[in-house]
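Asker: Once you've had a glance at the structure underneath, I'll fire off some questions.
The values are calculated or read from the model by the stated rules, or taken from the named source; none is laboratory data. These numbers were taken from a predicted model, which means no experiment stands behind them. Cβ coordinates were reconstructed from backbone atoms using ideal geometry, including for glycine residues, and neighbour counts include every protein chain displayed. The protein model used for the area step is the full one, side chains on, heavy atoms only, and it has no ligands, DNA or RNA in it. Shrake-Rupley method; radii C 1.70, N 1.55, O 1.52, S 1.80 Å.
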Amino acid sequence: MTRVDVYLIQAFSISGQGGNLAGVVLQADMLTDVQKQSIAKQVGVSETAFVSQSDSADFQLSFFTPTVEVDFCGHATLSAFWLLRHLQHIPAGHYKQETKAGILAVEITPNGDVLMNQSLPMWLAEFSAEEIAPMLGVQPALIAQAGLPIQAVSTGLVDIIVPIPFGFLDSLVVDMESMSHFCQQQHCVGFHVFELNSPESFYTASCRNFAPAVGIPEESATGSSSGALACYLNRHFGYQQAVFEQGRAMSMPSCLLTQLSLEDGVLKQVKVGGEGVFNKQISINVD
């Protein structure tokens, strides 16, 4: 029996409050995937990141939900690099992480915030409001009012981006079982539902993310989905910067910053970032 230290970090927090808890295990080179899965299940947060050495980048990161390994996780990446900086293992600067979604750049700013590069978007299937609305407990006509497509988009993980009119986000009634089956059939992680805010608001959009197919009923900040939504809003409205609010319905408000870089109208870079804060350290027994 081995004891493994796990750090819990609140990623995308707002002035040290809210955010989304991620577990981080450092020096994870000797752990097997079975052991990582066991640790992630015992930790019980939406994702746990395992940091190892890499031959092709500064670090190798793997990500596990309580039930499965996923190729990439934004808030766990932020948590891992924020922790490495917090523990003074690395200074502010530019780094590369090796993930199953590719080798991705990460920047730690002098104030400790973390900006992560994500993959360029993949535009996948579109869905009808009649397919999606029953799983969210709303009428198809309500989604249709938004005048935007329901589309699967990936900047590392595949999420279905679902627009709804302003004022309805917090009243969704999610059919977790149906959504889980649907996501498994469509080979996607979950639904990222958003409402656009007024131009006077600090937040471009408010969001909720549901991923019951990978053991996450709802989470309060989703970095990978925020990158996908940023690309979606750029395609439909031309936004190159957007700030997203998430976690409001969970009383865990989070702030996610996104930046897109274009050259001659062609998207070249997707970045998502925010702040982190230390929550606690725990020890897990693993065979």
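Asker: For the chain, what ratio Rg/Rh do Cα atoms give with a Kirkwood hydrodynamic radius?
Answerer: So for the chain, dividing Rg by the Kirkwood Rh gives 0.96.
Asker: Also: Binned at 10 Å from 0, what are the whole-percent values of the Cα-Cα distance distribution for the range 214-287, short to long?
Answerer: Reading the bins upward from 0: 16, 38, 28, 13, 5, 0.
Asker: Here is a follow-up. Output the 0 to 90 degree angle, nearest 10, between the alpha-carbon long axis of helix 74-86 and the longest principal axis computed from the alpha carbons of the chain.
Answerer: 40 degrees
Asker: Run lengths n ≥ 4 of DSSP H only: what is the helix-derived mean residue ellipticity at 222 nm for the chain, with -39500 (n - 2.57) per run over all residues, to the nearest 500?
Answerer: The helix-only estimate for the chain comes to -6500 deg cm²/dmol at 222 nm.
Asker: Take every Cα pair under 8 Å in the range 110-218 that's 6+ residues apart, average their separations, divide by the length, and report that relative contact order as a whole percent.
Answerer: 21 percent
Asker: Accessible area per residue, 1.4 Å probe, Å², for the chain: what's the number?
Answerer: 42 Å²
Asker: Compute log10 of I(q)/I(0) for the range 64-158 with the Debye formula, placing one identical point scatterer on every Cα and leaving out solvent, at q = 0.11, 0.13, 0.19, 0.23 Å⁻¹, to two decimals.
Answerer: Here the Debye-derived log intensity ratios amount to -0.50, -0.64, -0.91, -1.09.
Asker: Can you give the local net charge around G23? Use residues other than it whose beta-carbon is closer than 12 angstrom to its beta-carbon, Lys and Arg +1, Asp and Glu -1.
Answerer: +1
Asker: Another question, if that's okay. Which of the lysines could a cross-linker span from K36 if the Cα-Cα distance has to be under 27 Å and same-chain partners fewer than 8 positions apart are dropped?
Answerer: List returned: K96, K100, K280.
Asker: Please list, in order, the residues from the range 160-189 whose amide nitrogen is less than 17 Å from a point placed 7 Å along the Cα→Cβ vector of T67.
Answerer: Backbone N within reach: 160, 174-189.
Asker: Roughly how many whole Å is it from the C-alpha centroid of the range 253-287 to that of the range 19-44?
Answerer: Here the two parts' Cα centres lie 18 Å apart.
Asker: Show me the three semi-axes of the equivalent ellipsoid for the range 1-114, from the C-alpha gyration tensor (sqrt of 5 times each eigenvalue), largest first, rounded to whole Å.
Answerer: 21, 17, 13
Asker: For the range 225-242, in order, what is each residue's ³J(HN,Hα) by Karplus, 6.51 cos²θ - 1.76 cosθ + 1.60 with θ = phi - 60°, in whole Hz (x at glycine and Pro)?
Answerer: Those phi angles translate into 5, 5, x, 5, 5, 4, 5, 4, 6, 5, 4, 9, 10, x, 4, 10, 10, 8 Hz.
Asker: Relative contact order of the range 30-84, please, whole-number percent, based on alpha carbon pairs below 8 angstrom and at least 6 residues apart.
Answerer: Reported as a whole number, the value is 32 percent.
Asker: First compute the accessible area of the chain with a 1.4 Å probe, then give the percent of it belonging to carbon and sulfur atoms.
Answerer: Carbon-and-sulfur percentage of accessible area, whole number: 50.
Asker: Same structure again: So who's got an amide H within less than 5 Å of the one on L21, skipping anything under 5 residues away but keeping other chains? H placed 1.01 Å off N, in plane.
Answerer: When sequence neighbours closer than 5 places are left aside, the close amide H contacts are A11.
Asker: Still on this structure, please answer the following. Could you work out how far the C-alpha centroid of the range 187-204 sits from that of the range 95-163, in angstrom?
Answerer: Cα centroid of the range 187-204 versus Cα centroid of the range 95-163: 10 Å apart.
Asker: Now for a different question. Sorting check: for 197-203, 231-237, 158-164, which peptide has the highest mean count of neighbouring beta carbons within 10 Å, and how do the rest follow?
Answerer: Top of the packing list down: 158-164, 231-237, 197-203.
Asker: May I ask you to derive the relative contact order of the chain, considering only C-alpha pairs under 8 Å and at least 6 residues apart, and to give it as an integer percent?
Answerer: Worked out over the chain, it gives 23 percent.
Asker: Here's something else I'd like to know. On a straight-distance basis, which aspartates and glutamates could pair with K41 in a cross-link, Cα separation under 14 angstrom, same-chain partners fewer than 8 positions away excluded?
Answerer: K41 reaches D33, E69, D287.
Asker: What is the distance, in nm, between label points placed 7 Å from the Cα along the Cα-to-Cβ direction at Q240 and at A105?
Answerer: 1.6 nm
Asker: Points 7 angstrom from Cα along the Cβ direction at L267 and Q88: gap in nanometres?
Answerer: Between L267 and Q88, the simple spin-label model gives 4.1 nm.
Asker: Separate question: Take the alpha carbon gyration tensor of the range 142-287, find the square roots of its eigenvalues, order them as a ≥ b ≥ c, and report rounded if a/c is under 1.5; if not, report prolate when a/b exceeds b/c, else oblate.
Answerer: rounded
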